[in-house]
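A.B. asks: Can you keep this structure in mind? I'll have questions shortly.
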Amino acid sequence: MTNNSVSSTARVLGAGLRALLVLTLVCGVLYPLAVTGVAQALFHDKANGSEIEDSGGRVVGSSLIGQRYDLPLKDGEESPAPDLKWFQPRPSNGLGSNSVNTQYSLILSGATNRSGDNKELVQWVTDAKAAVVKDNSTPTYQVKPADVPADAVTSSGSGLDPDISPAYAELQVHRVAERNNLDVKEVEGLVADHTTGRLLGFMGEPRVNVLKLNTALRDLTRG
């Protein structure tokens, strides 16, 4: 009886071990390799994080996550000033600071979680609009408060939106052209080239990916 019990236990343990090895091979090796192979073959860009490269082949970020473009933080400053030679993204405290990916660092994701009539939020938007008007006005181009689109003064729900509206991109053209010693028409052409229309012609809104636009701008200024 004892021998039969030991033999039965050994068979059960052996079957369990074989099942473990087979399932480990199938689920832990073969299946991941198959999924990875299909993803790399059919969806190479998305599988690798929708990376954006500059003209030199260096990865500068992802097209799915926004970035800030700020000057180095000065002594006494609580937050850095925007680097106005670049197109600026939507305002957000969640975006890592980056001037076309020098030391990109993602901080957090999330919205303000404040209602539309919240006094603090109203003040933020008011201050942001004044800053947009001031920063984007040039000796030959005056921005009016009515010209400032909503995405220039409000963050997205995630706080990580990589896109801005064509209206906000166009509002920044004169300032970017002046700061980079470029012709306005040349910068307008960059914006037009990097404007994506509605999906299938009716879904979503036209948009401009800020990282792609700034990467093209840097290539242009270096060329």
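A.B. asks: Does at least one position in the stretch 178-192 carry a residue that is surrounded by fewer than 19 Cβ atoms within 10 Å (Cβ to Cβ), basic (Lys, Arg) and in a loop (DSSP other than H, G, I, E, B)? Spell out how you get there, then give the answer.
C.D. replies: Initial filter on the stretch 178-192 (surrounded by fewer than 19 Cβ atoms within 10 Å (Cβ to Cβ)): 178-186, 188-189, 192.
After this cut, where a residue has to be basic (Lys, Arg) as well, the list is 179, 185.
Okay, now just the ones that are also in a loop (DSSP other than H, G, I, E, B), so none.
Checked the stretch 178-192: no residue is surrounded by fewer than 19 Cβ atoms within 10 Å (Cβ to Cβ), basic (Lys, Arg) and in a loop (DSSP other than H, G, I, E, B).
A.B. asks: Which one of the conditions (1) at pLDDT 85 or above; (2) loosely packed, with under 13 Cβ neighbours inside 10 Å; (3) under 19 Å from the mean Cα position of the chain (by Cα) does residue 30 fail to meet, given that it meets all the rest?
C.D. replies: It is condition (3) that residue 30 fails.
A.B. asks: Next question, about the same structure. Report, by residue number, each residue of the stretch 134-172 that is within 21 Å of residue 63 (Cβ to Cβ) and assigned to a helix (DSSP H, G or I).
C.D. replies: Scanning the stretch 134-172 gives 151, 152, 166, 167, 168, 169, 170, 172.
A.B. asks: Given the conditions (1) over 22 Å from the mean Cα position of the chain (by Cα); (2) touching a residue at least 60 places away in the same chain (Cβ under 8 Å), report the number of the one that residue 164 does not fulfil.
C.D. replies: Only one criterion in (1) over 22 Å from the mean Cα position of the chain (by Cα); (2) touching a residue at least 60 places away in the same chain (Cβ under 8 Å) is unmet by residue 164, namely (1).
A.B. asks: Within the stretch 1-61, which helices (runs of 4 or more DSSP H) (wholly inside it) include 2 or more residues that are aliphatic (A, V, I, L, M)?
C.D. replies: The helices (runs of 4 or more DSSP H) meeting that bar are 2-25, 31-42.
Results for (1) modelled with pLDDT of 85 or more; (2) hydrophobic (A, V, I, L, M, F, W, C), shown as yes or no for each residue.
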position: 98; (1), (2): no, no
position: 108; (1), (2): no, yes
position: 113; (1), (2): no, no
position: 121; (1), (2): no, yes
position: 134; (1), (2): yes, no
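A.B. asks: Output the residues belonging to the stretch 61-82 that are surrounded by 13 or more Cβ atoms within 10 Å (Cβ to Cβ) and more than 21 Å from residue 156 (Cβ to Cβ).
C.D. replies: Selection gives 71, 81.
A.B. asks: A further question on this structure: Quick one: which residue in 19, 39, 15, 34 is under 30 Å from residue 159 (Cβ atoms) and outside the structural domain of residue 159 (by TED's automatic domain parsing)?
C.D. replies: Just a single option satisfies the conditions, and that option is 39.
A.B. asks: Oh, and also: Based on this model, can you work out whether residue 57 counts as assigned by TED's automatic domain parsing to the domain that holds residue 85 and exposed (fewer than 10 other Cβ atoms within 10 Å of the Cβ)?
C.D. replies: It is true that residue 57 is assigned by TED's automatic domain parsing to the domain that holds residue 85 and exposed (fewer than 10 other Cβ atoms within 10 Å of the Cβ).
The values are calculated or read from the model by the stated rules, or taken from the named source; none is laboratory data. A quick note: this is a predicted structure, and the numbers were derived from the prediction, not measured. When we count neighbours, we look across all protein chains shown, and the Cβ atoms used for this are built from the backbone with ideal geometry, even at glycine.
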